[in-house]
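*Asks:* Following this message is one structure expressed as structure tokens.
All of the numbers you see were taken from the coordinates with simple rules; none came from a lab. What you see is a predicted model; the values in this text were computed from it and never measured. With ideal geometry, Cβ positions are generated from the backbone for all residues, glycine too; neighbour counts draw on all protein chains shown.
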């Protein structure tokens, strides 16, 4: 008659249990590392979007100011709406916006007169994790912002030099522009839309 086992089975199960628990812990830390990387990447993309939009909005505001200066000469409006006028550089706004978003701009490039592309890198790495190398890994992101003209100048001279109102057809409204009353002019956001490229 074989005596009953008292500790054999439990003794064999214990190493398996330890192995399973260790594997689950490793998976948990691996998922945490993936989450850290994803959060870092999302932060980089948010910073890139904000930086590109800031540069484009600065250019938009400058174009709107140019339009106000040329409000008495509708023949110049189209080149302003096309962005084909001299304005100051706008990428400084991208650099300015990147810093509070824990990122640094690697490149800011005007893609023609009505578009900006910004490439940046996070200032902070992904961080320590079970995945080797993440402590020195920085996320990068790219974003492009576009300035879209919303208005069309009047045909011909539009009454330039006369006392009649100038017509400015925009996407959501038609403006009667009075060259003698510059307090009722459209705002920059009425003249141009700024958005991220699709």
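*Asks:* Pulled fully out, how much extra length does the chain show between residue 140 and residue 165, if you take 0.36 nm times their separation in residues and subtract their Cα-Cα distance? Walk me through the numbers on the way to the answer.
*Replies:* On the way: separation 25, 0.36 × 25 = 9.00 nm, distance 5.02 nm.
Residue separation times 0.36 nm, minus the Cα-Cα distance, leaves 4.0 nm.
*Asks:* Compute the length gained on full extension between residue 70 and residue 104: take 0.36 nm times their separation in residues and subtract their Cα-Cα distance, giving the result in nm to one decimal.
*Replies:* So the chain would gain 8.5 nm between residue 70 and residue 104.
*Asks:* Next question, about the same structure. Measure off 7 Å from each Cα along the Cα-to-Cβ vector at residue 46 and residue 124, then give the distance between these two points in nanometres to one decimal.
*Replies:* Output for this residue pair reads 1.1 nm.
*Asks:* What is the order of 180, 195, fewest Cβ neighbours within 10 Å to most?
*Replies:* Working: 180 7, 195 11.
The order, fewest Cβ neighbours first, is 180, 195.
*Asks:* Further question on the same structure: Can you tell me the FRET efficiency between residue 176 and residue 84 if r is taken as the Cβ-Cβ distance and R0 is 35 Å, rounded to the nearest 0.05?
*Replies:* 0.85
*Asks:* Once you have a ≥ b ≥ c as the square roots of the Cα gyration tensor eigenvalues for region 66-118, tell me rounded if a/c is under 1.5, and otherwise prolate or oblate according to whether a/b is larger than b/c.
*Replies:* Details: a/c = 4.46, a/b = 2.60, b/c = 1.71.
Since a/c reaches 1.5 and a/b is larger than b/c, the shape of region 66-118 is classed as prolate.
*Asks:* Among 59, 41, 93, 173, which comes first, second and so on when ranked by fewest other beta-carbon atoms within 10 Å? Walk me through the numbers on the way to the answer.
*Replies:* Numbers: 59 26, 41 15, 93 23, 173 11.
Ascending number of Cβ neighbours within 10 Å: 173, 41, 93, 59.
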